[in-house]
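One structure is given below, encoded as structure tokens.
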Amino acid sequence: MILPRSIRLATLLLPFCLLWGGNAGAQSATAAGAYPQRPVNLIVPWPPGGAVDLLARQLGTVLAKELGQPIVIENKSGANGSIGHAQAVRAAPDGYTTLLATNSTFVIGPHLYKQLPYQHERDLAPVSLLGASPLVLTVNPALKVKTLAQLLALAREKPGRLTFASGGQGSTSHLAAEQLMALTGIEMTHIPYQGGGPAATAVMSGEVDMAFLDLGVSLPFLKSGRLLPLAVSSDQRSPLLPEAPTVAESGVKDFEIATAFALFVPARTPAPVIDRLHGALVKALGDADLRQKLIHQGVIVMGTSPAELRDYTTRENQRWGKIISDRHISVK
């Protein structure tokens, strides 16, 4: 999994964060007034049915208990998450609008869209990195390849003929395939869809040959045999899919990619409100039932400070900016 050591440690330090979060939440409750006094809106810049939507709904249920108010999920998909981002930026900075973003929206999108109506780091304030999920390289069984080596051989025989689906132009599923092509010298044709769910359906129907899919989205289809796993994108095998080797194990060195999930609020949201939200969020992520559900969906649960998320965003901006530039990726 590509995550800085400090972020990886967040998974080990979460029990201690729970103690800190509880104290911080108590100390800031007075400063934040009676927040929240009404339902809190959680914008999901992807369509229903995908990994981000599932995480939002599961987290929202537990977070609502911690905040004492309902969490209203609003799917606002399109333009690789930028439509949902723009809506969050326009919202009042009062803690009643939050944004569940992925690294494809908060560190990849800005390098693809030259005229976004916002600047992420200027217009959105970090709350916490929530977790990360490896991707699985999946193929339609009809393609008759069972290993990554066989897929690469087929791609070299038919340059540009093989097609791959993604959750959208510039999504992590798209850039995972771009990095694979860059490291192996193969060429495939990209077919973007609006989210991981539609991309998975496209591979199963034979509309496209393959796709990197979030583990949580693809797992049911892998178990039923409707999709065939070739490799996982993390640095270690997933305990949920132990038979699938990593891409690196399959002979492609220096390959690691994950979908990261993070929570943001509009800039200028008062610090006490962010503290209250962060404290409730860390407690929610520590809920045993929620953690178990997320782990079974292939999500590595985190829970970082706002400062750690800000540092992570800065580093990942540099990393993805280079990949996009080297591959000459643009939004059509």
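The values are calculated or read from the model by the stated rules, or taken from the named source; none is laboratory data. No experiment lies behind these values; they were computed from the predicted model shown. When we count neighbours, we look across all protein chains shown, and the Cβ atoms used for this are built from the backbone with ideal geometry, even at glycine. Protein only, heavy atoms only, side chains kept; ligands, DNA and RNA dropped before computing areas. Shrake-Rupley method; radii C 1.70, N 1.55, O 1.52, S 1.80 Å.
General observations
- Among the protein heavy atoms of the chain, carbon and sulfur supply 54% of the accessible surface, probe 1.4 Å, non-protein parts ignored.
- Positive minus negative residues near Ala51 (Lys, Arg vs Asp, Glu; Cβ under 13 Å): 0
- Chain lengthening between Ile323 and Ala307 when straightened (0.36 nm per residue, less Cα-Cα): 3.3 nm
- Cut-off 11 Å between beta-carbons: net charge of the residues surrounding Ala176, Lys and Arg +1, Asp and Glu -1: -3
- Of every Cα-Cα pair in the chain, the percent that sits beyond 27 Å: 41
- Here is the list for segment 233-285: GluC sites (Glu not before Pro) lying in DSSP coil, each with at most 12 other C-beta atoms within 10 angstrom of its C-beta, are Glu243.
- Average accessible surface area per residue within segment 169-307, 1.4 Å rolling probe, Å²: 37
- Rounded to the nearest 20 debye, dipole of segment 134-250 from Cβ charges on Lys, Arg, Asp, Glu: 300
- Those residues of segment 59-97 whose amide nitrogen sits under 20 Å from the label point placed on His296, 7 Å along Cα→Cβ: 59-63
- Simple spin-label estimate for Thr189 and Asp235 in nanometres, 7 Å along Cα-Cβ: 3.7
- Fraction of beta bridges assigned by DSSP in segment 134-250 that are antiparallel (%, nearest 5): 55
- For Phe255, neighbours were defined as the other residues whose beta-carbon sits under 13 Å from its Cβ, and their charges (Lys and Arg +1, Asp and Glu -1) total -4.
- Across every pair of non-identical alpha carbons in segment 134-250, the mean reciprocal distance, once inverted, gives a Kirkwood radius of 13.6 Å.
- Cross-link table Lys114/Lys223; Lys76/Lys146; Lys76/Lys322; Lys144/Lys322; Lys283/Lys322, entries beyond 31 Å C-alpha to C-alpha: Lys114/Lys223; Lys76/Lys146; Lys144/Lys322; Lys283/Lys322
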